[in-house]
């Protein structure tokens with residue numbers, strides 16, 4: 001059986017950890033013994049100190065050579081895993097101070113590209129638990145998954161909606177749990193209408209713009225019918241692109257995608273509608289990957305490295321958000337006060 005944990009996969013542990021260490025240690029030992037014999041035992045006592053230093057240097061060199069040989073003989077993993085968790089944004093911090101951290105698209109794309117550049121990575125597993133988020137960052141992750149040179153599998157855990165499903169549609173297969181929420185193939189545009197509140201406070205909007213629709217959607221002014229039609233047209237265009245992308249990725253008719261009406265479905269119905277290929281646990285997913293590759297698998301999770309300062313910052317943001325939940329993060333794709341997301 002295969003798994004990403006050493007407790008469930010003793011064979012993977014031996015392949016990925018024990019064997020490389022043994023090979024490395026053996027090569028280093030041979031190098032030290034050879035150096036000792038050449039530079040110490042076969043020389044006079046006058047050069048013992050120099051011989052000792054040379055032995056140490058050669059030993060370190062042999063250790064490095066051994067590690068290189070070990071990694072070339074025995075790959076520590078053959079499946080790369082990248083996780084997309086939380087709201088999808090361009091970076092991980094979100095737009096509003098204190099908002100919860102989510103999936104930073106640039107970081108996720110970078111990890112997929114690093115895995116793709118590693119010859120050891122024969123397949124890519126994209127684990128998804130996200131309600132979606134910004135449109136272009138979601139597309140960037142999907143495109144990176146599509147470009148991966150090897151089989152790609154998307155695994156939806158709790159939620160794989162909107163931008164998350166956009167990413168999943170770029171993989172060769174989509175797996176989900178029975179209780180997973182999958183779908184929400186739609187686009188939302190929103191704006192805060194503060195015109196009435198401004199009037200009550202004695203505030204008025206005065207804009208200096210060039211271009212008829214430059215300030216369309218500004219919260220402090222009433223939305224004209226032509227501005228509403230203009231902004232709705234942007235939402236419709238985003239939606240058409242989304243439907244086309246999913247239809248192509250899933251080899252489905254666009255009408256079947258539109259018939260979902262941007263609803264989310266439990267895993268079983270999502271599979272019936274063709275949005276999901278298979279249902280199963282993570283063990284079932286790894287077993288399927290093992291069958292596809294024709295060999296036992298070992299999984300390495302690719303995740304961005306963050307400094308101590310960044311980690312402290314993320315933690316502080318989560319705490320702050322707990323006291324101010326309900327604030328929405330500022331999203332890419334804003335037109336005046338209107339925000340677009342999947």
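The values are calculated or read from the model by the stated rules, or taken from the named source; none is laboratory data. If you're wondering where the values come from, they're calculated on a predicted model, not measured in any experiment. Cβ coordinates were reconstructed from backbone atoms using ideal geometry, including for glycine residues, and neighbour counts include every protein chain displayed.
Let me confirm something: among 173, 139, which residue is closer than 25 Å to residue 265 by Cα, in contact with a helix residue (DSSP H, G or I) (Cβ under 7 Å, 6 or more places away or on another chain) and surrounded by fewer than 23 Cβ atoms within 10 Å (Cβ to Cβ)?
Numbers: 173 fails: in contact with a helix residue (DSSP H, G or I) (Cβ under 7 Å, 6 or more places away or on another chain).
Going through 173, 139 in turn, just one is closer than 25 Å to residue 265 by Cα, in contact with a helix residue (DSSP H, G or I) (Cβ under 7 Å, 6 or more places away or on another chain) and surrounded by fewer than 23 Cβ atoms within 10 Å (Cβ to Cβ): 139.
Does residue 230 satisfy the criteria of being touching a residue at least 24 places away in the same chain (Cβ under 8 Å), assigned by TED's automatic domain parsing to the domain that holds residue 139 and part of a helix (DSSP H, G or I)?
Criteria not met by residue 230.
Does residue 270 satisfy the criteria of being modelled with pLDDT of 95 or more, in the same structural domain as residue 189 (by TED's automatic domain parsing) and either in a loop (DSSP other than H, G, I, E, B) or buried (at least 18 other Cβ atoms within 10 Å of the Cβ) (or both)? Working first, answer last.
On the way: modelled with pLDDT of 95 or more: yes; in the same structural domain as residue 189 (by TED's automatic domain parsing): yes; either in a loop (DSSP other than H, G, I, E, B) or buried (at least 18 other Cβ atoms within 10 Å of the Cβ) (or both): yes.
Here the answer is yes, as residue 270 does meet what is asked.
Give the residue, chosen from 182, 192, that is in the same structural domain as residue 136 (by TED's automatic domain parsing), touching a residue at least 40 places away in the same chain (Cβ under 8 Å) and farther than 30 Å from residue 253 by Cα. Before you say what the answer is, go through the steps one by one.
Values: 182 fails: farther than 30 Å from residue 253 by Cα.
Criteria check complete, one pass: 192.
Which residue is modelled with the lowest pLDDT, if the candidates are limited to the range 179-204 and must be part of a loop (DSSP other than H, G, I, E, B) and either touching a helix residue (DSSP H, G or I) at 6+ places or on another chain (Cβ under 6 Å) or within 23 Å of residue 241 (Cβ to Cβ) (or both)? Spell out the reasoning first.
Here is the first cut: in the range 179-204, the residues part of a loop (DSSP other than H, G, I, E, B) are 179-180, 184-187, 191-194, 201-204.
With the extra rule that they be either touching a helix residue (DSSP H, G or I) at 6+ places or on another chain (Cβ under 6 Å) or within 23 Å of residue 241 (Cβ to Cβ) (or both), the set shrinks to 180, 184-187, 191.
Details: 180: 97, 184: 96, 185: 97, 186: 96, 187: 94, 191: 77.
Taking the candidates together, the pick is 191.
Residue-by-condition table, conditions (1) modelled with pLDDT of 95 or more; (2) over 10 Å from the mean Cα position of the chain (by Cα); (3) in the same structural domain as residue 184 (by TED's automatic domain parsing); (4) within 16 Å of residue 303 (Cβ to Cβ):
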position	(1), (2), (3), (4)
99	no, yes, yes, no
114	yes, yes, yes, yes
123	yes, yes, yes, no
127	yes, no, yes, yes
158	yes, yes, yes, no
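Tell me, please, whether a residue that is closer than 23 Å to residue 176 by Cβ and surrounded by fewer than 17 Cβ atoms within 10 Å (Cβ to Cβ) can be found in the range 205-224. So that I can check it myself, show each step before the final result.
If we filter the range 205-224 for residues that are closer than 23 Å to residue 176 by Cβ, which is where we start, we get none.
No, because not a single residue in the range 205-224 is closer than 23 Å to residue 176 by Cβ and surrounded by fewer than 17 Cβ atoms within 10 Å (Cβ to Cβ).
Looking at residue 241 and the list (1) free of Cβ contacts under 8 Å to residues at least 24 places away in the same chain; (2) in contact with a strand residue (DSSP E or B) (Cβ under 9 Å, 6 or more places away or on another chain), which single condition is not satisfied?
It fails just one condition, (2).
Only one of 207, 211 is in the same structural domain as residue 132 (by TED's automatic domain parsing), part of a loop (DSSP other than H, G, I, E, B) and either at pLDDT 95 or above or at positive phi (or both); which?
211
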